[in-house]
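One structure is given here, and the rest of the page talks about it.
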Amino acid sequence: MPDIVDISQKCVEFLLDRQIARSRWRIIPPSAHHCVTCSSPIPQARRKAIPDVKACIKCQRLNELKNTNCRYSPI
Ligand SMILES: [Zn+2]
């Protein structure tokens, strides 16, 4: 007869298996062929390396710089 620990462990195993199965079947949207910001083509190597990529490397770097807390001012 299973005790409460056995039942609890079976429940945890079931939930983990279900989460793993869901993550394996997660749909990744296709990468863009052209940058959503500047419309320049995104190289195939970049599209392969980064699933769901939407921006060229130049625009991505600019976006990352904008999103940092850097308060540099040239004046
Ligand atoms: Zn771009």
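A short reminder: the numbers here are calculations on the coordinates, not readings from a lab. Just so it is clear, the structure is predicted and the values come from calculations on it, not from any experiment. Don't worry about glycine lacking a Cβ; one is built from the backbone with ideal geometry, like all the others, and counts go over all protein chains shown.
Here's how it looks for residue 34: its modeled amide H is under 5 Å from those of 42, which are all 5 or more places away or on a different chain.
The gain in end-to-end length when the residue 27 to residue 67 segment is fully stretched comes to 11.7 nm, 0.36 nm per residue minus the alpha carbon separation.
For residue 53, what charge total do you get from the other residues with a beta carbon under 12 Å from its beta carbon, if Lys and Arg give +1 and Asp and Glu give -1? Counting the neighbours of residue 53, the net charge comes to +3. Given axes a ≥ b ≥ c from the Cα gyration tensor, I'd like to know whether the chain is rounded (a/c under 1.5), prolate (a/b larger than b/c) or oblate. Note, shape of the chain comes out oblate.
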